[in-house]
Structures are given as structure tokens and as C-alpha cells.
Amino acid sequence: MRRDADSAVVVEAENLERRFGEFVAVAGISFAVRAGEVFGFLGPNGAGKSTTIRMLCGLLAPTAGRGRVAGFDMVTETERIKSRIGYMSQRFSLYDELTVEENIDFFSGIYRVARNRKKARKDWVLEMAGLQGHRRTRTAHLPGGWKQRLALGCAVLHEPPIVFLDEPTSGVDPASRRAFWTLIQEMAAAGTTVFVTTHYLEESEYCDRLAIIDRGRIVAAGTPTELKRDHMRGTVLEINCRRPFEAMRMLERLPGVREVALFGAGLHAVVDGDGEVAAMIRSRLEAAGFAPVEVASAVPSLEDVFVSLVEERSRRESGVKEGKGR
Amino acid sequence: MIMWERVLQILRKEFKIVFRDPRMRLVIFGVPVIQCLIFGYAVTMDVRDARLVVMDLDNTPASREVVSAFLGSPYFRAVGWTRDWAEARHRLDAAETSGVLRINSGFGEALGAGRPAPVQLILDGSDSNTASLILGYSRQVVARISGVVLEARAGATAGRVGPGVELRERAWFNADLTSRNYFVPGIMAVLVMLVTLMLTSMAIVREKEVGTIEQVMVTPIRRSEFILGKSLPFAVIGLVDVGLVTVVGVGWFGIPIRGSFALLLLGMGLFILSTLGIGLFISTVSSTQQQAMMTTFFFFFPAMLLSGFVYPIDSMPEPVQWVTLANPLRHVLVVIRGIFLKGVGADVLWPQLVALLLIGVLVQLFAISRFRKRVV
């Protein structure tokens, strides 16, 4: 589904900012999404993902900055944007009191889906969500995964070229999550641009491109491969030895070791440089009685990248603060 | 351009949601009937059978005639007879009686001799409303006795003397001054106000709480379409309640409806314009249903107290009387009572109808200007 680098930009933000009183939720972010890509917004809770998406959808006015969605200005042309986008939030906002079919009919009416397309669209949603046998079930009684797919269906009844999904998989079981991502991939394959936020790291591997957002700022952006290659400070070593927990405590104090974490049955350590530190670690561990010791360099996962980026920033900022304190 | 398809979708959805909720069904159809019954039977300002302790210390044919004139009227009944002042006083203290009718010894003699013959009525003034009503009734009773006595004296002495000044009362529109006739039609307005205020503000705020409003606001729907779709169902429900109260009031309590029902619907329609506007406004300032409920009552009680529904506007201090002019409930009550009891038409009620239209349009414009498609 990778689009050419030169395909049209359909969503772009320029120094977008949103404050709530004193609190800066989004602190001047810029990015561009190209037609047909799956663009992921990855970040911890409270990073500003939802705020950004709500600004792009015209639900929230930005405090500063500019942006365009589907070629229209985010601030002055929100209503024109709204007929060209689909939006689904983590709350799966459907009417619980209405049946599956009534929810579809309602949104189909609100979006003014053409009369001759209505039936086809309804059938498509029912099939996509696997709800053919549940037309008359009250939405309140549906399990989470089905609700999620119905919410997605209702959000794209009008076949919008751009879809915004705000943590669409939160609170849904893993099988449903997997199925949902398959749906997203299918939509993207059919040419829809998908802008999706998530805090699940493994999900971000499904995205064509990603921006990692932390406390209102984009800390890194690129394809998953680029992120792993360019944004990993230091090398990731996979260490297997005896009593890994004790070994971790010891390694943390060694020079050149940035972080150590338990990983599976062994440890993952992020270190400066590569060969020398690895050799030093091995000899230190063996000397301390943790043998047999195996040290190998590992391919960083997005989780390693993410943790390293977020911790890097915290470290830098707390350093700045201490500096000011003196 | 308003897209009626969208309005219709919202409208249909509101009806479904309201009627699928059993509590809502009760609020819409049960509460009006219950309120009618309460106001029709229980809440009455009339004094019937006021309790009296009789203390006849004279005990002559003349004094007994006075006592029986009191007890023979529909307004009084005796709850005790005594010759002991301490006991009478105790019964007043214990609120076992509303008053003591005391006739001192020598009453009959004085009357026979043509001298002034006083009768004392001691009232429990702690309930000032009842006391003043009793006072009024007892004046009537005493006036009747005096009239008879005077006539008898005049006849006995010099043949024909005129009867003096006499007041002949007729209460038009409500001949027996039953407060039921006054209250039950009024409930219509109070109820419709409560139901429409509540339903509109709750319907919008509930969507805020659940998050569905966001899903609707992210569609190309227009503000006007959304507001219309959210208001019309409750206007219809309000008018159905008007019919319901009319049926119960006229059919069950025999309250007369002397004017045009169509005019009543028009008046109520104009009134609902205001209440829906206030409901919409409440929804813009509340983010939870509790807040909406509190704010609704914050509007509702002053509106009810300052409307003339229970307490007469004429008795309010003048600045407050001016304030009541902004209260749509005040105007609609005049319309309702005018139509039910007086049978008057638009030729008389037009100032109220114009006032309702004006207030309604202003409130609507204000509320609509405050309503935003942006959620935060």
C-alpha cells in the first residue's frame, strides 16, 4: 500500500497548537499525510493525539497554527471538510437505544447518502461488521468488537476519501483488534487515506508512516523502518545470562549503558557505541558470576525506539530544569 | 437551506429514544395525569368546613340562632362546645380548631333591648390565608343575621324602613370560586414548561455525556437542522400534554372550556418556543445531566413563583411585577385561564400572545447564537 512519495498531500498541519487555559495539549506540531497512506499517530495517553484529531475534524478550534484537510482550510472551511471525512472515536459513539439497522439508517440520513446507494451501503456495513444476523439487535447489547466495527461502518457510510480514527482499538480484545486492522488495510488498499492514533506499539507496525508524539510535540516521524534505523540512540544488545534481575541492577551502573530492561527470559540493554561495550559487559558479567553469558546485538523494536525517545526527552528536560534551579 | 432529511432523521431518533425509555414514557404521560389529580383534589385554597369551637356563655334563643347561622353555612363546623375559656384557648394552641366563636352572657338581652350586641370570633392567625378567608365568611354570616334583626326591629316599630346598603356579590367566570377551576388549567402551562425544558436540555446533554454528539457534529449537519430536529419532537410532546391535561380537566373535573381549543394550542405553541429556547440554552451551559437538571430547576422555580400560578402578581412589590413581564409563564397563564374560564378570544388575549411570541423569538435567538458545532 505504499504510495509514491510524490502523491498528493491530503492532510497537513503547520505549527498547530491547542491550549486549554494554561495547559498546552498540542504544542505547535507540523506534519503531512499523503493520499492513500495509513498514517499513525503514536504516543502515550495525554500526549495530545485526540486533541490533534479533533482539531483536524473541526470539532475543536486550534489556538494557533494552520492546517488543511482534503484541500480545505481547517479553521475557515470546517463544514466543507466534514463531508469529505469520516471520524470514529474510541468511544464508538453509537446510539445504544437504537438497533444496529437504525444506527446505520440514522447516519446514512445525516450524511445524505444518495437514495439509490443507501441499501448497498447498509449491506456493506452489515457484512463488514459481521452483523447481518443482528439488524434488529439493540446496539447496547453488542460486544465491544462488533460495536467498534459498526462505529467504523457508520463513520464511512458516505465513502469519505479520508478517515480519522481516534484510538479505534482501545478496549477491544486482541482478535478483534487484528480483524480491525485488516479492515483498515483494506480501506487503504481501496485508496482511502487513514489517519489513526494509537498507544499500542505493535499496532504502529501496520502503519505506512508514523509520528511519535509525546507531551504535545512530535519527537520523531518516518516509516517504522526509518524510525528504528534513525532514531535509536545507541545499540540494542540482547543479553542472556543467569539471574537476569540481579544482572540488570549491576549493568545499570556501568558506564556506556543507557538503559537496561528485562526482555523475555533475558535483558535488553541500550548502549553507546557497540563492540567495546558488548565485550566489556560480557567480561563484567562473567567476572561477577552470571556465566554463561551471551551478548548479541538485536534489531530494535518500535518499543525500544519509543522508550528511548520519550526517556531521552524527559532526561533532557529535567536536566534543563535543574540547570535553571541553580 | 435546511435539509429536511437530516431534521427528520434527528426527529425520528429522538422519538425512538424517548419512547423506548420507560421512565420517559412515565414522565410524558403519567406525570401530567398525576399532577392534574393532585391539583384537582388535594391542593385547594378554598375553605370549607372550617373548624370552630363554640363558647356560648349566653345560651338564649338569640345566641343559639347566631351559632346555628354559623354552623348552618357550608363554611363552618363545630369541633367542640365549651363554657371554659382555658379549654377553648388550649384547643387553639393545639391547632385543633381554626377559631373560637364566643358569645358572652347578656347577648340576647342586649339584642332584645336594641343595644349593640357583640359576638367575638378569635382566629388562629398563624395561617394568615385561612384566617382571612374565615373572617370574610363570618362577616357574611353576621351581616345576614344583622339584616334579619334590623328588619324585625323596623317592622316592630314604624312599619317600613329601607334595608340600608347591601353588597350583592357575583363571581363571574368561576361562580363558586373553586380553586380547582383556577389551578387545573394552570398546571398545563407549568407541566409543559417542565417537560419541554427537561427533555430538550437532557436530550442534548445526554449526547454530550455519551459522546454521540461529537459523532453528529463531525458530519456536515447544520446547526439549524440539529436544533430543529432536537426541538420539534419535544414541542409535539408538549402539545400532546396540553391535550392530556385538557381531557382530564374537562372530562374528569368538569372544568369548563369556554373558548377555542385551537387558540389554546396557538398560545401554548408560542409558549413552547420560549421553553425550548431555555432548554437549549441550559444544554449549552451544562456538560452533565445533573448540571442540566439543577439549572432547569434554577429557572423553573422562580418562573413558577413569579407567574401568578399560585401567588397573585398584584400582591408583589412593584419592581417584581415588572420583572414578571419577562416571564413567559405569566402570559400563557392569562391566555389559558382566559380561554378556559372566560371564553375570550384573540381580540382580548392578543397582548399576551404578542408578548409570548416576542419572548420566544428573543430566547430562541439567544440560545441558538450560544450553540456551537464545536464541542469544546
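Rounded to the nearest 5, the antiparallel percentage of DSSP beta bridges internal to the protein assembly as shown is 60%. A dipole drawn for the protein assembly as shown from +1 and -1 charges on Cβ atoms has a positive end, and of B:52, A:310, B:312 the residue lying farthest that way is B:312. Using the rule -39500 (n - 2.57) for each DSSP H run of four or more residues, divided by the residues of chain B, the 222 nm mean residue ellipticity is -20500 deg cm²/dmol. Measuring between alpha carbons in the structure, the pairs from A:147/A:228; A:147/B:230; A:118/A:147; A:49/A:118 lying more than 23 angstrom apart are A:147/A:228; A:147/B:230; A:49/A:118. Multiplying the residue separation of residue A:135 and residue A:9 by 0.36 nm and subtracting their alpha-carbon distance yields 41.5 nm. DSSP finds beta bridges in the stretch A:9-229, and of those with both partners inside it, around 55 percent are antiparallel.
For the options B:106, B:308, B:251, a Gaussian network treatment of chain B with springs between C-alpha atoms closer than 10 Å singles out B:106 as fluctuating the most. Taking all Cα pairs closer than 8 Å and separated by 6 or more residues, the relative contact order of the stretch A:230-325 comes to 35 percent.
Here the label points at residue A:238 and residue B:209, each 7 Å from Cα along the C-beta direction, are separated by 5.1 nm in the simple model. Under a Gaussian network description of chain A, with springs only between Cα atoms under 10 Å, the residue in A:91, A:54, A:215 that fluctuates furthest is A:91. The calculated FRET efficiency for residue A:73 paired with residue B:323, based on their beta-carbon distance and R0 = 60 Å, is about 0.80. Shape verdict for chain B, please, from the Cα gyration tensor: rounded (a/c under 1.5), prolate (a/b greater than b/c) or oblate. Taking the square roots of the gyration eigenvalues as a ≥ b ≥ c, chain B is prolate. How far is helix B:261-285 tilted, in degrees, relative to the longest principal axis of the Cα atoms in chain B, given as a value from 0 to 90 rounded to the nearest 10? Taking the Cα atoms of chain B, the angle to B:261-285 is about 60 degrees.
Working from Cα positions, state the angle (0 to 90°, nearest 10) between the long axis of helix B:346-370 and the longest principal axis of chain B. With rounding to tens, the tilt is 40 degrees. Springs join every pair of Cα atoms under 10 Å in this Gaussian network model of chain B, and among B:15, B:107, B:299 the largest mean-square fluctuation is at B:107. With respect to chain B, whose longest principal axis is taken over its alpha-carbon atoms, helix B:128-158 is tilted by about 30°. In a fully extended conformation the segment linking residue B:151 and residue B:84 would gain 20.7 nm over its present Cα-Cα distance, using 0.36 nm per residue. Could you list log10 I(q)/I(0) for chain A at q = 0.09, 0.12 Å⁻¹, which the Debye formula gives when each Cα is one point scatterer? Debye curve over Cα of chain A, log10 I(q)/I(0) at q = 0.09, 0.12 Å⁻¹: -0.58, -0.89.
How big is the gap, in Å, between the Cα center of the stretch B:273-338 and the Cα center of the stretch B:1-40? Answer, in whole Å: 21. Test of understanding: extend the Cα→C-beta vector of residue B:223 to 7 Å, then name every residue of the stretch A:50-66 with backbone N under 20 Å from that spot. From the stretch A:50-66, the list is A:55-63. Relative to the current alpha-carbon distance between residue A:279 and residue A:205, full extension at 0.36 nm per residue lengthens the span by 23.4 nm. If r is the Cβ-Cβ distance from residue B:15 to residue B:122 and R0 is 51 Å, what FRET efficiency results, to the nearest 0.05? Between residue B:15 and residue B:122 the formula returns 0.25. Magnitude of the charge dipole for the stretch A:163-307, about its Cα centre and with charges confined to Cβ atoms of Lys, Arg (+1) and Asp, Glu (-1), is about 400 debye.
Computing FRET efficiency as 1/(1 + (r/R0)^6) for residue A:313 and residue B:288, where r is the C-beta to C-beta distance and R0 is 30 Å, gives about 0.25. Listed from fewest to most Cβ neighbours within 10 Å, the set A:146, B:85, B:322 follows the order B:322, B:85, A:146. With the helix formula -39500 (n - 2.57) applied to DSSP H stretches of n ≥ 4, chain A reaches a computed 222 nm mean residue ellipticity of -11500 deg cm²/dmol. The distance linking the stretch A:296-316 with the stretch B:172-248 is 58 Å (Cα centroid to Cα centroid, whole angstrom). Legend: ranking of residues B:257, B:339, A:85 from fewest to most surrounding C-beta atoms inside 10 Å; resulting order B:257, B:339, A:85.
By count of other Cβ within 10 Å, fewest leading, how are A:37, A:246 ordered? Fewest-to-most ranking of A:37, A:246: A:246, A:37.
Coordinate-derived values only; no laboratory data. Bear in mind the structure is a predicted one, so any value in this text is a computation, not a measurement. Note: ideal-geometry Cβ built from the backbone for every residue, glycine included; neighbour counts use all protein chains shown.
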